[in-house]
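A short write-up of the structure that comes next.
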Amino acid sequence: SGLSVLETVLEHHPHLQGYYFNFPVHEETKNSVNLQPQKRWKVIDANPFNPWPLQTDAILLPRYLHYWDDIKCLQILKQARCSLLPKGVIYIAEMVLKLNSPIGGLLDLNMLIETGGMERSDKQWLTLFKEAGLTLQSKEEILPYLSLFVIRNKEE
């Protein structure tokens, strides 16, 4: 989950503090996770499609954007871009569909049926980043089915 990613980052970087945006997974659902803030992180209930209530140096979106179709995903990416401080970075961990590979096909179908979302290819991700006013700084394959995109505001 996104919270475990945040806690791991904070554990390895004691000088940082974080905010966990309690975004819904489905547009129709309310924020259902009842979290108690910790010393180094706070919970913020927010709607990912509306302006986010703070600006920050870094945003982590681990395995969240695949829940949404391209239109909603683009809205989220634009809100993330608007929430970045100058020289800020967005980290996105998502599955990347590869041409001529069955890996991810069933999950892609599952996402479509359950949430209207989808898994995406590199080309689809790059198109979304460009449309959101973002540019790819780097991409690293973390696992054979999971990649980490590091993106920045296109204007920087």
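The values are calculated or read from the model by the stated rules, or taken from the named source; none is laboratory data. Owing to the predicted nature of the structure, the values given are computational and were not obtained by experimental measurement. Cβ placement follows ideal geometry from the backbone for every residue including glycine, while neighbour counts extend to all protein chains displayed. Accessible surface is based on the protein model in full, side chains and every heavy atom, while ligands, DNA and RNA are left aside. Shrake-Rupley method; radii C 1.70, N 1.55, O 1.52, S 1.80 Å.
The figures follow:
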{"item": "All positions within the stretch 119-151 that are touching a Phe, Trp or Tyr at 6+ places or on another chain (Cβ under 7 Å) and of a type in the set (Phe, Trp, Tyr)", "result": "125, 149"}
{"item": "Hey, residue 62 modelled with pLDDT of 85 or more and of a type outside the set (D, E, K, R) or not", "result": "yes"}
{"item": "Condition met for residue 45 (over 16 Å from residue 22 (Cα atoms), open to solvent by 40 Å² or more (accessible area, probe 1.4 Å) and free of Cβ contacts under 8 Å to residues at least 40 places away in the same chain)", "result": "no"}
{"item": "Single match in 123, 154 (criterion: modelled with pLDDT under 90 and open to solvent by 70 Å² or more (accessible area, probe 1.4 Å))", "result": "154"}
{"item": "Counted residues, the stretch 59-73 - those being acidic (Asp, Glu) and assigned to a helix (DSSP H, G or I)", "result": "1"}
{"item": "Only one of 32, 1 that is small (Gly, Ala, Ser), farther than 15 Å from residue 92 by Cα, surrounded by fewer than 16 Cβ atoms within 10 Å (Cβ to Cβ) and at pLDDT below 85", "result": "32"}
{"item": "From the options 97, 107, residue that is modelled with pLDDT under 95, crowded, with 20+ Cβ neighbours inside 10 Å and touching an Asp or Glu at 6+ places or on another chain (Cβ under 8 Å)", "result": "97"}
